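Asks: Once you've had a glance at the structure underneath, I'll fire off some questions.
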Amino acid sequence: QEKDIVFGGDPKLDKILDEIEMLFPLNNGITVQSECPVGLIGDDIDSVAKQKSEQLGKPVVPVRCEGFRGVSQSLGHHIANDTIRDHVLSQREPRREAGPYDVAILGDYNIGGDCWASRILLEEMGLNVVAQWPGDCTIAEMENTPAVQLNLLHCYRSMNYISEYMKSTYGTPYLEYNFFGPTRIANSLREIASYFDASIQDNAERVIAAHQPEVDAVLAKYRPRLAGKRVMLYVGGLRPRHVIGAYEDLGMEVIGTGYEFGHEDDYERTYPELKEGTLIYDDASAYELERFIERLQPDLVGAGIKEKYVFQKMGLPFRQMHSWDYSGPYHGYDGFAIFARDMDMTVNNPVWGRMTPPWKRSGPAESEAA
């Protein structure tokens, strides 16, 4: 209402927090996200959150990140990390004793059950997954995370900040891992195991060997159908580099990749994954991306929901690589089987034979002729 704009909505926030406590008395904490109108009005959600946290005896976490902040829109990740640092990790005590094989998964959003697939592999090799956040996480898990032996960082872009903080403050080391495709899975399992004793290292080898027949079956079925197909990627977060190995395991070639919200260090981590001559683009516009694709003529495009229907109408096989087109998981050995099936189902769908991409059309388009 107009009076809220003039005088602020703080009293309403105070009342809402009381109502939440009444309706959900078993809650372990409350977050308050300020959106654009709240930021424009200038409501002081921090003071209300602090007051209510003391009153309720549980964390009330104010997240001041209206809209997409920052030049590359990724500042919101940093703000969210700092909020957890200031209002959860530095304010609360761990609720359990640390064990010798405790690890935490950071930066996994549990798309299609990815986090669960990763957790299964880690527990198979004898590690104890104390926390997995932010996907499928509780505040108690967050509070226990600084005491683990190793933080396993999935999405570097979104959560390297909190990983660095825990390393400098609590001495908790972190490792970026990749569970896309059998080659990267095996490499990551061995690297993770190197932080622990010989028993965990032996277990890692046993896990890799146990899943090899499953990998062989997937490759025997799908690699002949996908080998030689060329892929262009344009996604956010970790995917422009992490999924390259999974495509290569299937015999496919990534000929172009780039980030929407990438920083320089993202590209430094990406270069070693790429073959000479791979096209790299940063924050490409829709027009630029269309021209790149017309020039390179890939067999498959993996991007986000904004690009999906544009390229499908161009007659190009397309996979939505933000939400796995509501499939998944794609992590782990079981996830690789689903990934291979989805790529085959997309590339070899007979519908594409009934559509002609722009570079294969003969004669002028109807609009040009008109």
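The values are calculated or read from the model by the stated rules, or taken from the named source; none is laboratory data. Since we're looking at a predicted model, the values are computed, not measured. Note that we place each Cβ from the backbone using ideal geometry, even for glycine, and neighbour counts take in every protein chain shown. Heavy atoms of the whole protein, side chains included, go into the accessibility calculation; ligands, DNA and RNA do not. Shrake-Rupley method; radii C 1.70, N 1.55, O 1.52, S 1.80 Å.
Asks: What Kirkwood radius, in Å to one decimal, follows from the Cα pairs of region 111-255? Write out the running numbers ahead of the final one.
Replies: Details: mean 1/r = 0.0602 Å⁻¹.
Hydrodynamic radius (Kirkwood, Cα only) of region 111-255 equals 16.6 Å.
Asks: Moving to a separate point now. How would His331, His211 line up by accessible area, probe 1.4 Å, largest first?
Replies: Working: His331 5, His211 30 Å².
Highest to lowest solvent-accessible surface, that is His211, His331.
Asks: How would region 75-173 be classified by its alpha-carbon gyration tensor: rounded, prolate or oblate, with rounded meaning a/c under 1.5 and the a/b versus b/c comparison settling the rest? Mind showing how you got there, number by number?
Replies: Numbers: a/c = 1.67, a/b = 1.16, b/c = 1.44.
Oblate is the answer for region 75-173, as a/c is 1.5 or above yet b/c matches or exceeds a/b.
Asks: A further question on this structure: Using a 1.4 angstrom probe on heavy atoms only, work out the carbon and sulfur share of the accessible area of the chain in %. If you can, show how the numbers build up before the last one.
Replies: On the way: 9400 of 18010 Å².
Using a 1.4 Å probe with all protein chains present, the chain comes out at 52 percent carbon and sulfur.
Asks: Stokes-Einstein diffusion coefficient for region 59-119 at 10 °C in a medium of 1.306 mPa s, Rh from the Kirkwood formula over Cα pairs: what value in µm²/s?
Replies: Numbers: Rh = 14.3 Å.
Roughly 111 µm²/s, to the nearest whole number.
Asks: Tell me, what is the per residue accessible area of the chain in Å², probe radius 1.4 Å? Present the calculation step by step, with values, prior to reporting the outcome.
Replies: Numbers: 18010 Å² over 370 residues.
Roughly 49 Å² per residue, with all protein chains present.
Asks: Ok, one more. How long are the semi-axes of the equivalent ellipsoid of region 126-198, defined as square roots of 5 times the Cα gyration tensor eigenvalues? Whole Å, largest first. Walk me through the numbers before you get to the answer.
Replies: Numbers: eigenvalues 81, 41, 33 Å².
The three semi-axes for region 126-198 are 20, 14, 13 Å.
Asks: For region 1-158, with the dipole built from +1 on Lys and Arg beta-carbon atoms and -1 on Asp and Glu ones, taken about the Cα centre, which of Gln91, Leu40, Leu152 lies farthest toward the positive end?
Replies: Leu152
Asks: Using Cα positions and a limit of under 19 Å, work out the aspartates and glutamates in reach of Lys308, with same-chain residues fewer than 8 apart set aside.
Replies: Within the straight-line limit of under 19 Å, Lys308 reaches these aspartates and glutamates: Glu260, Asp282, Asp283, Glu288, Glu290, Glu294, Asp299, Asp325, Asp342, Asp344.
Asks: Just check region 1-145 against the gyration tensor rule for me: Cα atoms, a ≥ b ≥ c as the square roots of the eigenvalues, rounded for a/c under 1.5, and otherwise prolate or oblate depending on whether a/b exceeds b/c.
Replies: Judged from the Cα gyration tensor, region 1-145 comes out prolate (a/c at least 1.5, a/b above b/c).
Asks: Show me the ranking of peptides 246-253, 84-91 by mean Cβ neighbours inside 10 Å, starting with the highest. Mind dumping the intermediate values first?
Replies: On the way: 246-253: 20.5, 84-91: 16.4.
By packing density, highest mean first, the sequence is 246-253, 84-91.
Asks: Out of Ala209, Gly228, Ile244, whose Cα points farthest toward the positive end of the dipole of region 205-249 (charges: +1 Lys, Arg; -1 Asp, Glu; placed on Cβ)?
Replies: Gly228
Asks: For the chain, give the magnitude of the charge dipole about the Cα centre (Cβ charges: +1 Lys/Arg, -1 Asp/Glu; no others), in debye to the nearest 20.
Replies: Values: 37 positive and 56 negative charges, 228 e Å.
In debye, rounded to 20, the chain gives about 1100.
Asks: Same structure, new question: Can you spot the lysines whose alpha carbon is less than 23 Å from Lys50's alpha carbon? Ignore those fewer than 8 places along the same chain.
Replies: Lys12, Lys15, Lys58
Asks: Still on this structure: So for the chain, taking the charge dipole from beta-carbon charges (+1 Lys/Arg, -1 Asp/Glu), which of Gly70, Tyr281, Leu219 sits furthest toward the positive end?
Replies: Value computed over the given set: Leu219.
Asks: Also, quick follow-up: For Cys155, Cys137, Cys36, what's the largest-to-smallest order of accessible area, 1.4 Å probe? It would help to have the intermediate numbers written out before the result.
Replies: Working: Cys155 10, Cys137 40, Cys36 70 Å².
Of Cys155, Cys137, Cys36, the descending order of accessible area is Cys36, Cys137, Cys155.
Asks: For region 12-18, what does the Karplus curve 6.51 cos²θ - 1.76 cosθ + 1.60, with θ = phi - 60°, yield as ³J(HN,Hα) per residue in whole Hz, taken in order and with x for Gly and Pro?
Replies: 5, 4, 4, 5, 4, 4, 5
Asks: Hey, another quick one. Run lengths n ≥ 4 of DSSP H only: what is the helix-derived mean residue ellipticity at 222 nm for the chain, with -39500 (n - 2.57) per run over all residues, to the nearest 500? Can you show the working numbers first?
Replies: Details: 17 runs with 178 residues, N = 370.
Here the helix-only value at 222 nm equals -14500 deg cm²/dmol.
Asks: I need the shape label for region 212-363. Rule: rounded when a/c is under 1.5, else prolate if a/b > b/c, else oblate, with a, b, c from the alpha carbon gyration tensor. Intermediate values should be presented prior to the final figure.
Replies: On the way: a/c = 1.64, a/b = 1.10, b/c = 1.49.
Oblate, because a/c is 1.5 or more while a/b does not exceed b/c.
Asks: Roughly how many Å is it from the Cα centre of region 105-137 to that of region 319-340, as a whole number?
Replies: What the calculation gives is 15 Å, centre to centre.
Asks: Using amide H atoms built 1.01 Å from N in the peptide plane, name the residues 5+ places from Asn178, or on other chains, whose amide H lies under 5 Å from its own.
Replies: Ser188
Asks: Could you tell me the accessible area of Lys3 in Å² (1.4 Å probe, neighbours in place), rounded to the nearest ten?
Replies: 130
Asks: Still on this model: I need the phi-derived Karplus couplings for region 260-276: 6.51 cos²θ - 1.76 cosθ + 1.60, θ = phi - 60°, integer Hz, Gly and Pro marked x.
Replies: Here the 3J(HN,Hα) series is 7, 10, x, 10, 4, 5, 5, 6, 4, 7, 7, 3, x, 7, 9, 7, 4 Hz.
Asks: Please get the size of the charge dipole for region 113-165, origin at its Cα centre, with Cβ charges of +1 on Lys and Arg and -1 on Asp and Glu, quoted in debye to the nearest 20.
Replies: Details: 2 positive and 7 negative charges, 26 e Å.
Dipole magnitude for region 113-165 comes out near 120 debye.
Asks: Another question, then. Quick one: ranking Thr270, Thr169 by accessible area, 1.4 Å probe, largest first, what do you get?
Replies: On the way: Thr270 0, Thr169 75 Å².
Of Thr270, Thr169, the descending order of accessible area is Thr169, Thr270.
Asks: Which value, in Å² rounded to 10, gives the accessible area of Val6 with a 1.4 Å probe and all protein chains present?
Replies: 100
Asks: Under 26 Å from the Cα of Lys313, which lysines turn up, not counting those fewer than eight places away in the same chain?
Replies: Cα-Cα hits under 26 Å: Lys229, Lys360.
Asks: Sticking with this structure for a sec: Write down the Kirkwood hydrodynamic radius of region 195-237, to one decimal in angstroms, obtained as one divided by the mean of 1/r over all alpha carbon pairs. Write down the numbers at each step before the final one.
Replies: Details: mean 1/r = 0.0739 Å⁻¹.
Final number for the Kirkwood radius of region 195-237 is 13.5 Å.
Asks: Just from the alpha-carbon atoms, what are the Rg and Dmax of the chain in angstroms?
Replies: 23.5, 75
Asks: About the Cα centre of region 261-367, how large is the charge dipole given +1 on each Lys and Arg Cβ and -1 on each Asp and Glu Cβ? Please answer in debye to the nearest 20.
Replies: Working: 12 positive and 18 negative charges, 146 e Å.
Computed charge dipole of region 261-367: roughly 700 debye.
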